[in-house]
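Accompanying notes for the structure given below.
The values are calculated or read from the model by the stated rules, or taken from the named source; none is laboratory data. Bear in mind that the values here come from a model prediction, so they are computed numbers and not experimental data. Using ideal geometry, Cβ is built from the backbone for each residue, glycine included, and neighbour counts are taken over all protein chains shown.
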């Protein structure tokens, strides 16, 4: 299975998944990294790991359909089977979806359907958890369906929230579980223990 990553900033879960593939923990090949951010720290990391790296964004392709087509072409050229989003902040277009037959995974820093949707990302999610006094939060891995955070839920992992937690400490708790949780879920998908259909 050939993997591609889409990231906008650090791409920390992409790094963890790539290392797991290279060590044999996941039977898959990390092939390519696409970012919309030419200043993303993850670009240097991707080059160091030998991934094919590309910057594709709306400044280069103002027409969203053209940008979608360019991303899809890169995926098809490199025979990508699945995409893992790693903090990618843009909506996925239909051609990109079709290029990998809908096999696009995203990790969201909450227990969906809570705190999902447009504008709910990063610290905003954790601030909402704190404000609502939730006793738990966590991370969700779901299929991407072209709408923000609405695809089929594949796996969830929770962490406890105490009254002493701040939005920042909640964020740190969730970030701490994300890399291994993503790896564990992807491993189950590759083995057929989690089905995407």
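Picking from 53, 27, 42, which residue would you name as being more than 28 Å from residue 136 (Cα to Cα), outside the structural domain of residue 195 (by TED's automatic domain parsing) and within 15 Å of the chain's Cα centre (by Cα)? Break it down into steps so the answer makes sense when it comes.
Working: 53 fails: within 15 Å of the chain's Cα centre (by Cα); 27 fails: within 15 Å of the chain's Cα centre (by Cα).
Answer to the check: 42.
Would you check if residue 72 is in the same structural domain as residue 58 (by TED's automatic domain parsing) and in a helix (DSSP H, G or I)?
Yes.
For the list (1) at negative phi; (2) outside the structural domain of residue 192 (by TED's automatic domain parsing); (3) outside any strand (DSSP E or B); (4) touching a residue at least 40 places away in the same chain (Cβ under 8 Å), I need the number of the one condition that residue 127 fails.
Condition (2) is where residue 127 drops out.
Listed here are the residues, each with its yes/no results for (1) modelled with pLDDT of 95 or more; (2) closer than 18 Å to residue 10 by Cβ; (3) touching a strand residue (DSSP E or B) at 6+ places or on another chain (Cβ under 8 Å).
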| position | (1), (2), (3) |
| --- | --- |
| 70 | yes, no, no |
| 77 | yes, no, no |
| 85 | yes, yes, yes |
| 92 | no, no, yes |
| 106 | yes, yes, yes |
